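The values are calculated or read from the model by the stated rules, or taken from the named source; none is laboratory data. These figures come from a predicted structure and were not determined experimentally. Cβ atoms come from the backbone with ideal geometry, glycine included; neighbour counts cover every protein chain shown.
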Amino acid sequence: MDRRTTAWYSHNLGMEMPLVAYGHAGFPLLMFPTAAADYLEYERFLLVDAIKELIEAGRVRAYSINSVNRYSLLNDKASPQLKAELLTRYDRYILEEVLPLIRNDAGANARPITTGASLGAFLSANAYFRHPDLFGGVIAMSGSYDIRSYLKGYTDDNVYFNNPADYLRNLNDDYYLPTLRRAQNIYVVSGQGAYEAPERSRDLSGILSAKGIPHKLELWGHDVNHDWPWWRRMLPYYLGRII
């Protein structure tokens, strides 16, 4: 399996941001890490191995990046204002720095699928729902899609436009809403076992349904915990349905 790492100083984030790419051909997949983890997390926890067959067959090329969660949502010393601002800067990093790299590999019109587990599910969903014209879908596993609990009641435009529970509920325009209503690859997935919160996926599904946005809400069994063995089963299963 082809594996390439790179890093550069992000002008949007003011820090060096590494990236690892797997594969030589196929549909691009952009992976967002959980919690405060790094770009190699999915390799360490064998999620990349779980999709290795698809990668080696040239059906998927995967890109895994760092998040800013440790400086943003999970940073108790940061102000809510800074937490939200960092999410907006992270969004620009994805659009202005990561997406061009992917398109250089996969083609100028490539629209990657986004994915992540736990807090990575939020990041992947936020990237997709903010930019459904630039991404081809989302596989969000075991996520929460309302960030207000991290922000102590603070709100501003950066909070609003990085909170899918807010901006999707109020979406009513002539471009993004019609684009989302044509979507084919939105998967909102959760287990119902230990440490899972399936009601958060149900909440997002309810918002999408109210807006007429087609999606699949799939709740796995009560034995399915918030843990790596299940995410290693989920991701290849849903990729197989997409590609």
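Structure notes:
- Pairs where the first residue, in segment 1-24, is closer than 12 Å to Ala62 by Cα and the second is surrounded by fewer than 13 Cβ atoms within 10 Å (Cβ to Cβ) and hydroxyl-bearing (Ser, Thr, Tyr), C-beta under 6 Å, 6+ apart: Leu19/Thr6; Val20/Thr5
- Test: residue in segment 162-179 that is within 24 Å of Ile242 (Cα to Cα), among the aliphatic types (A, V, I, L, M) and at pLDDT 95 or above: yes
- Residue tally, condition in a loop (DSSP other than H, G, I, E, B) and surrounded by 23 or more Cβ atoms within 10 Å (Cβ to Cβ), over segment 21-39: 3
- Selection within segment 210-222: residues that are over 23 Å from Leu177 (Cβ atoms) and touching a helix residue (DSSP H, G or I) at 6+ places or on another chain (Cβ under 9 Å). The member of this set that is surrounded by the most Cβ atoms within 10 Å (Cβ to Cβ) is Trp220.
- Extreme residue, farthest from Leu134 (Cα to Cα), among residues of segment 208-235 that are among the aliphatic types (A, V, I, L, M) and touching a residue at least 60 places away in the same chain (Cβ under 8 Å): Met234
- One residue stands out in segment 44-54 among those that are part of a helix (DSSP H, G or I) and of a type in the set (A, V, I, L, M): the one that is farthest from Gly116 (Cα to Cα), namely Leu54.
- Within segment 207-243, the set of residues being within 22 Å of Asn126 (Cβ to Cβ) and in a loop (DSSP other than H, G, I, E, B) comprises Lys211, Gly212, Ile213, Pro214, His215, His226.
- Residue count for segment 99-147, restricted to those that are of a type in the set (A, V, I, L, M, F, W, C) and within 28 Å of Asp227 (Cα to Cα): 15
- Scanning segment 122-178 for residues that are touching a strand residue (DSSP E or B) at 6+ places or on another chain (Cβ under 9 Å) and among the β-branched types (Val, Ile, Thr) turns up Val138, Ile139.
- Yes/no for Ser149 being free of Cβ contacts under 8 Å to residues at least 12 places away in the same chain and closer than 22 Å to Val189 by Cα: yes
- Residue within segment 146-161 that is closer than 28 Å to Gly240 by Cβ, more than 11 Å from the chain's Cα centre (by Cα) and not small (Gly, Ala, Ser) present: no
- Any hit, segment 140-149, residues being under 16 Å from Leu19 (Cβ atoms) and either in contact with a Phe, Trp or Tyr (Cβ under 8 Å, 6 or more places away or on another chain) or acidic (Asp, Glu) (or both): no
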